[in-house]
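The values are calculated or read from the model by the stated rules, or taken from the named source; none is laboratory data. Given the structure is predicted, the values throughout are model-derived calculations rather than measurements. Here the Cβ is made from the backbone with ideal geometry for all residues, glycine too, and neighbour counts use every protein chain on show. Side chains included, ligands, DNA and RNA excluded: accessible areas come from the protein's heavy atoms. Shrake-Rupley method; radii C 1.70, N 1.55, O 1.52, S 1.80 Å.
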Amino acid sequence: MSETGGEGWGQSGNPTFVFGYEDRQGPEEGGMKNEGEMRKGEEEGQEKEEDNEDYDSPPERQIVVGVCSMMKKSKSKPMTQIMERLCKFEYITVVIFPEEVILNEPVDKWPLCDCLISFHSKGTNERFPLDKAVEYANLRNPLLINDLNMQYYIQDRREVYRILQEEGIDLPRYAVLTRDPDRPEECNLVEGEDHVEVNGEVFPKPFVEKPVCAEDHNVYIYYPTSAGGGSQRLFRKIGSRSSVYSPESCVRKTGSYIYEEFMPTDGTDVKVYTVGPDYAHAEARKSPALDGKVERDSEGKEIRYPVMLTAMEKLVARKVCLAFKQTVCGFDLLRANGHSFVCDVNGFSFVKNSMKYYDDCAKVLGNMVMRELAPQFHIPWSIPMEAEDIPIVPTTSGTMMELRCVIAIIRHGDRTPKQKMKMEVRHPLFFELFEKYGGYKSGKLKLKKPKQLQEVLDIARLLLAELGQHTDCEIEEKKGKLEQLKTVLEMYGHFSGINRKVQLTYLPNGQPKASSEEEEGPKEGPSLLLVLKWGGELTPAGRVQAEELGRAFRCMYPGGQGDYAGFPGCGLLRLHSTYRHDLKIYASDEGRVQMTAAAFAKGLLALEGELTPILVQMVKSANMNGMLDSDSESLTDCQQRVKARLHEIMQKDQDFTEADYEKLAPTGSPSLVNSMKIIGNPVRTCDQVYTLIQSLTSQIRKRLEDPKSADLQLYHSETLELMLQRWSKLERDFRNKSGRYDISKIPDIYDCVKYDTQHNATLGLEDTLELFRLSRALADIVIPQEYGINKPEKMDIAQAYCLPLMKKIQLDLQRTHEDEAVNKLHPLYSRGVMSPGRHVRTRLYFTSESHVHSLLSIFRYGGLLDEVKDQQWKQAMDYLSAVSELNYMTQIVIMLYEDNNKDPGSEERFHVELHFSPGVKSCEDEENIPLGFGFRPASAENQEKQTNQGSLEDLSQDEPDRALPLSELISIRRSPMIRNRKTSSMEVLSETSPTSPGYSSKGASYRLFPSCSRQSPEIKQTGLGFEGCSMVPSIYPLETLHNSLSLKQVDEFLNAVCEDSSDAHAKTMKALSVLFDTSSQGYGQAHTYPPPKALSSSETPVRPPTRPLCLSSGPPSTVSSAGPSSPTSMNSSTPAIHFSFSE
């Protein structure tokens, strides 16, 4: 990691990193006796260096950075890591001042330096002599990284609070009690049972008592008697404890203290680390006040969680850094009641165990030192400035455009098969539960919380117990169904919404007889339909897919000029720690979707550790207004009609006729037509599928009887018994007693066989591939056509699913160019930051299949562009028609660019690109995959111009992708300003070197963005997935659907679609509410839809990643391939949207 590239980083392999007084030959090899000796020894030292290092020419002059602190700090891992990286700057030498010199020698004997990193700390036996450091600074006048005089103030909490207050930074309400005989007026303390009054200021318990000396970590928190009284005593970490509870309720009677109100945080403290005013790294740890137990990982390190700072918090970080004049500065934030309060400023402080932070810190410090000192020493240094923070891409017409917004809608990753059971319930206990959780308000109820599921389980146990004692008792619920309900709820031994949920729907007149599972006719009176769902958990393969996609996604961002050239994704990571990435991740409330979002975030932001803390800190649940959730139990009228028609066509015992092709595939989609040809006679195909399922269940039963394989562990801890239950239920449900097939079970059959073919192939069950082939052909018809058969139906159903999401996407695109003060730096603080208000907005929406199908339908059939007039759109539509399945990790990506050379009111100012990937590759996919046109291909009219730009290749060459040899890799790291000729394709394995196991340049790894117009044959032969793991199939690359849309076009299109949808939706809701009113029999009023909540936009900053290391033929991914943009009027007359969400 220490070989991070950057402008000015040395060509040397070995850093010049020494301890003072080791060898006095020159600044590169040691400290200096005096200035004359230092200057004299330079040339000598450089000659010696040349023996070991391959400098092209000796530098004129080295800038010496001195580190003056106690040895425990100087030799700490963070300091060593950062100083090693700092030495990579060609003209920088680091000299560590030995502790005995600092403590015992006069300052005129200390080593000389041009820049001083010095800070106060307590050594093992002695304190750091801050007075001597100040004296040294006055004598030698070096550039100070951290001001020394301000460090006196940081040692006194009273002064810290005073400075924070003067800067207008929020801090808890506080009062100072100074026990000083000379100032008796500051020592008025009145203690009550549940409060304390300090100099007239009353603090009810709980409150905090802090010693005024910042070195004293004995902070006490006093609790009210209603909570049991006593106090929590915090102290500097000892082993695995950082606080202890005490029954003592009285405040301390000696010493001076600050008293402040206790802030109710969520049990975490946020630690912020600045490196200069424009960089802040934040992480959370469990609050020591919580239980005093320090959470440690397997390596014994305190667990810290990643945190995204809001725009206001970044402004606070900037203020703290400047107010205390500490470039490297740590401080503590408390997040409470929607605000952030600073409760402590620690001065010089490094992040522990973060390679990314070490890289960034060294880079920021090195550039700062060179910017300040290179001119006066006449060192040839081209200042990288801050331009690297702005994601600029060249257009084909030669102008530059800036990436402003990335919106991605992504389906969740690989999951276990979803399973569900329906039963009608009428027992009063179920009705009581329904009423208890407010089911009558909407007629529906979803139970996911452990307490709620426990109540359902208790009812099931009670009814089964009663049935066991009295067979003639009046319990209408079927025993078999109750037993299944009990079994599923008892699985795993604990509850979690991640893997089970119960839905209850009110049926005013009971349930009509609908399936083979019900023998008796319907009963009179109201009932509840109980739907139990389980399974559908994200698998380990799904986690890997999501994390790898996140890691690869970084490289989609252009940028990486200056320091970050040649490092795919690093740019985004650093931007994310500065002011320039405004990232929000949303997920529906399904566990698999949320965990996919967390895994993706882990890869995108190079986070470490478990997914749960990432999920808690970073993923917003978007189950408001149905933005990402769909209630599959409540189908629209249109969907009911479509399903009925689909069932009717698929129940014909004859080969599909021309009329059937017209009925079932009116859009003429090749993927549908191909599937219909494979099927021929739908009933005969269903017969074959049924026979194959019977064969499968009998094979599994035989395995169970075999003692060798009875206890066999299948993928993801499934047993043969559970696998048999899964398939037996499908066998029962697929064909009813009359011999008719339930077409709605086809997706479940395909789901199960796809899972077993991929994950349980080692069982060697016969005919699974044939079952996979047939069920896939059936599913390729049933699944997409459930979302509408003809275009009007597809639009109607899509709008019902996607209206809130479309409005949110429109809002995201609009807001990017609106003036949002909350996301920009305050003008007072923007000096020295180039384009301080610019940021990239990234919005990631993780959802399920229904929303992805629906959103794609809207883009395809909503009239965005005319296929006849637009050749690129026609090609895109042909490509989408050939895609048969929107598999796990399907992505729809919208990117917005701004051309700053165009007039702000010009129609060509904003430019939109639309990209798509059908997600994970399926088992039998390789021969029939539809070919797209690559990621950001050149537009036809500019292709000739593009290929002659020097850095781009002739697109007609279709050379296979190849990876860089390791030697080239290293040379790029050393001279990152070199522009690679071919930098568009990206091969992701893991963040390891290309020599890691499983690495292959033959395309076995995951290609995210190939720009070649055809996929090379080598790519198609991949049997491997990520990191050579056959369990994890790879993901199709993103394909560009269109790359010269204007924002006006997209905005007007979304407006039109949303307005149509709103009208239709209003009519539907009116009809439904009338229906519900007349049939509810007094059980509650019609479902009222609450108005959407206002959207706050306190959000956080990304910076664009840089050029990929691995190469392919075609233009770089950073080249915008738009021709002249279509018209984009910023003052278009489209009405503003009045639909908002609580973010």
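Taking 24 Å as the limit for the C-alpha separation, the pairs K441/K486; K77/K363; K422/K448; K73/K325; K73/K352 exceed it in the case of K441/K486. Solvent-accessible surface of protein heavy atoms, probed at 1.4 angstrom with all chains present, puts H911, H120, H647, H378 in the order H378, H647, H120, H911, largest first. Each of Y152 and E648 was given a label point 7 Å from its Cα along the Cα-to-Cβ line. The distance between the two points is 9.1 nm. A dipole drawn for the range 147-191 from +1 and -1 charges on Cβ atoms has a positive end, and of L164, V176, Y153 the residue lying farthest that way is V176.
With respect to the cross-link table entries K314/K808; K451/K729; K745/K807; K479/K921; K481/K807, which display a Cα-Cα separation exceeding 31 Å?
Flagged as over cut-off: K745/K807; K479/K921; K481/K807.
Spacing of the modelled spin labels on Q640 and L714, each 7 Å from Cα toward Cβ, amounts to 3.6 nm. Calculated FRET efficiency, D655 to D687, Cβ-Cβ distance, R0 = 22 Å: about 0.95 to the nearest 0.05.
Ordering I749, N790, S775 by the projection of their Cα atoms onto the charge dipole of the range 685-808, which places +1 on the Cβ of Lys and Arg and -1 on the Cβ of Asp and Glu, puts N790 at the extreme positive end.
With every protein chain in place and a 1.4 angstrom probe, the accessible-area ranking of W727, W381, largest first, reads W381, W727.
Neighbours of C187 by Cβ distance under 10 Å: Lys/Arg scored +1, Asp/Glu scored -1, total -1.
Full extension of the chain between E135 and K620 yields a length gain of 169.4 nm, computed as 0.36 nm times the residue separation minus the alpha carbon distance. Heavy-atom accessible surface of T636, to the nearest 10 Å², is about 40 Å², with a 1.4 Å probe and all protein chains retained.
Within the set of other residues whose C-beta is less than 13 Å from the C-beta of I789, count the net charge using Lys and Arg as +1 and Asp and Glu as -1. Please list the in-between numbers first.
On the way: positive: R641, K643, R645, K663, K791, K794; negative: E648, D660, E662, E786, E793, D796.
Taking every Cβ under 13 Å from that of I789, the sum is 0.
Here the relative contact order of the range 109-212, from alpha carbon pairs under 8 Å that lie six or more residues apart, stands at 16 percent.
Roughly how many Å² is the accessible area per residue of the range 639-795, as a whole number, for a 1.4 Å probe? Working shown, then result.
Values: 7070 Å² over 157 residues.
On a per-residue basis, the range 639-795 sits at 45 Å².
Label sites at R173 and E1052, each approximated as a point 7 angstrom past Cα along Cα to Cβ, lie 5.6 nm apart.
Surface calculation, 1.4 Å probe, protein heavy atoms: M71 sits at approximately 40 Å² accessible.
Working with all protein chains in place, sort V544, V893 by solvent-accessible area computed with a 1.4 Å probe, largest first.
I get V544, V893, largest accessible area first.
Expressed per residue, the C-alpha convex hull volume of the range 111-196 stands at 186 Å³.
Before I look further, what does the range 76-162 give for accessible area per residue, probe 1.4 Å, in whole square angstrom? Kindly include the intermediate steps, with their values, before the conclusion.
Numbers: 3340 Å² over 87 residues.
Ligands and nucleic acids excluded, the result is 38 Å² per residue.
Just to confirm my numbers, what's the Cα centroid distance between the range 717-767 and the range 685-702 in Å? A separation of 8 Å, based on Cα centres.
Estimated at the nearest 10 Å², the accessible area of E466 is 70 Å² with a 1.4 Å probe.
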